[in-house]
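The values are calculated or read from the model by the stated rules, or taken from the named source; none is laboratory data. These figures come from a predicted structure and were not determined experimentally. All Cβ positions, glycine included, derive from the backbone under ideal geometry; neighbour counts span all protein chains shown. Only protein heavy atoms, including side chains, enter the accessible area calculation; ligands, DNA and RNA are left aside. Shrake-Rupley method; radii C 1.70, N 1.55, O 1.52, S 1.80 Å.
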Amino acid sequence: MDFTELIIIAIGVSMDAFAVSICKGLSVCSIRPKHAGMTALWFGGFQALMPLAGYFLGVSFADFVSDVDHWIAFILLGIIGGNMIKESLGKEECCSVNPDFSFRTMLPMAVATSIDALAIGVSFAFLKVNIWSAVAVIGVTTALFSGAGVYIGNIFGNRYKSKAEFAGGFILIAMGLKILLEHTLL
């Protein structure tokens, strides 16, 4: 997997966190840099940590499934992307009006938005990706999108939340299809 593909996956995986960050931005009347910074650290940190955990989980059984690893990556990315698209087309959830950035609030959101990154990490184990550069790219990309999402949410509101989730889902499905085609056609 080259750097461009890694960036595309990082952007796709960061869209859930971006959408939630927009909601966090909606909840802040007077936005300050610390709001964006805290959101970026929480979401970027967990988006980096989860693929790392998934990678080590996947490495432990990668040798047993090496003949079908491209199918596993395709299925995992397809499921994650499909779920993101389904959520983007569903009923809009109201964002909280409480600008709460506490541990108790941010931890569940960071975990919830990074579950898909865990599955991406499992896929990386099958694809022999340099996990350290991958988690760095995913973490930084998500942090940047999340920090920007707080500001965007504060300015533009709920208008782009579902579009971001849809785009992220589409990107992940396309990357899964590309991986499958590379391994089956070559």
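Against the test of being farther than 24 Å from Glu165 by Cβ, open to solvent by 40 Å² or more (accessible area, probe 1.4 Å) and modelled with pLDDT of 80 or more, the options Trp42, Trp71 yield a single qualifying residue, Trp71. Do we have any residue at all in the range 152-168 that's of a type in the set (Val, Ile, Thr), modelled with pLDDT of 80 or more and closer than 17 Å to Ser14 by Cβ? Within the range 152-168 (the criterion being of a type in the set (Val, Ile, Thr), modelled with pLDDT of 80 or more and closer than 17 Å to Ser14 by Cβ), the answer is yes, since at least one residue qualifies. Pairs meeting the criteria (first residue in the range 131-154 and open to solvent by less than 50 Å² (accessible area, probe 1.4 Å), second residue of a type in the set (D, E, K, R), beta carbons under 6 Å, at least 6 apart or on different chains) are Val150/Lys24. Of all the listed residues (Ser96, Ser88), the sole one being over 30 Å from Leu177 (Cα atoms) and modelled with pLDDT under 85 is Ser96. Of the listed requirements (1) in contact with a Lys or Arg (Cβ under 8 Å, 6 or more places away or on another chain); (2) modelled with pLDDT of 90 or more, Ala143 misses just one: (1).
Scan the range 45-68 for residues that are modelled with pLDDT under 75, assigned to a helix (DSSP H, G or I) and not hydrophobic (A, V, I, L, M, F, W, C) and report the count. Residues that pass the stated criteria total 1.
Scanning the range 169-178 for residues that are modelled with pLDDT under 85 and open to solvent by 70 Å² or more (accessible area, probe 1.4 Å) returns a single hit, Phe170. Within the range 1-39, being open to solvent by 30 Å² or more (accessible area, probe 1.4 Å), among the hydrophobic types (A, V, I, L, M, F, W, C) and not in a helix (DSSP H, G or I) holds for Met1, Cys29, Ile31.
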